[in-house]
């Protein structure tokens, strides 16, 4: 049976940005109730009082889902060092029988140079490496027999150190992606370990992305 509470909950669950804003208490519930009232009445196929919608919103904002958002914010306030690296190139290669050996040989070549940036990820059919631009000739030499699917240049990487409890709180990455998307940041690649998280974006967007991530500490 459809009720005001169930329809308001269904509406809010379809709006992740609204969900987050409600959890932070930055939305006037009365104004929101008036705005969504026509849609709620349409789904209910009957009239719904604004006051009843306000009460439904209040109950939703107090439930465990919203409390979980507060847990996320608490974790993000303890983000550690944030590191930015620019002038990067992303190479995408087709997975082959020799791709791992090629990467190992390439790593052995550059391991003594602590100034360069290198990271890699592998899927089912593709393998990516992201490196400093000054390694372009080395990449061309070592991977000359591998099938290159794409090359993306003028990229930057932002690495953040997450507190160890991040692995026990669901929604951390979603929350970060949400904020970046909200500011129009296009994420090219994502690389993560247990307690470190790296995004790769266009160099034109890196200042905006850095500002978003830095501001997570002050939510």
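Read-outs: derived from the displayed coordinates by stated rules, not from any lab. Bear in mind the structure is a predicted one, so any value in this text is a computation, not a measurement. All Cβ positions, glycine included, derive from the backbone under ideal geometry; neighbour counts span all protein chains shown.
Distances over 13 Å make up what percent of all Cα-Cα pairs in the range 4-62? Pairs farther apart than 13 Å: 55 percent.
Projected onto their three principal axes, the Cα atoms of the range 74-123 cover extents of 45, 27, 18 Å, largest first. Gain on full extension, evaluated as 0.36 nm per residue between residue 218 and residue 203 minus their Cα-Cα distance, stands at 2.9 nm.
At an R0 of 35 angstrom, the distance between the Cβ atoms of residue 59 and residue 165 translates into a FRET efficiency of 0.80. Largest mean-square fluctuation among 83, 98, 119, in a Gaussian network model of the chain whose springs join Cα atoms under 10 Å apart, belongs to 98.
Whole number please: convex hull volume per residue of the Cα set in the chain, in Å³?
On the way: hull volume 35.2 nm³, N = 219.
Taking the convex hull of the Cα positions in the chain, it is 161 Å³ per residue.
From the Cα trace of the range 121-173, what convex hull volume per residue do you get, rounded to a whole Å³? Walk me through the numbers before you get to the answer.
On the way: hull volume 7.5 nm³, N = 53.
Convex hull volume per residue, Cα atoms: 141 Å³.
In the range 82-218, Cα pairs under 8 Å separated by at least six residues give a relative contact order of 30 percent. Computed from label points 7 Å out along Cα-Cβ, the spacing between residue 186 and residue 74 is 3.9 nm. Over the chain, DSSP H runs of length four or greater, each weighted -39,500 (n - 2.57), average out per residue to a 222 nm ellipticity of -13500 deg cm²/dmol.
For the pair residue 82 and residue 6, the difference between a 0.36 nm per residue extended length and the Cα-Cα distance amounts to 23.2 nm.
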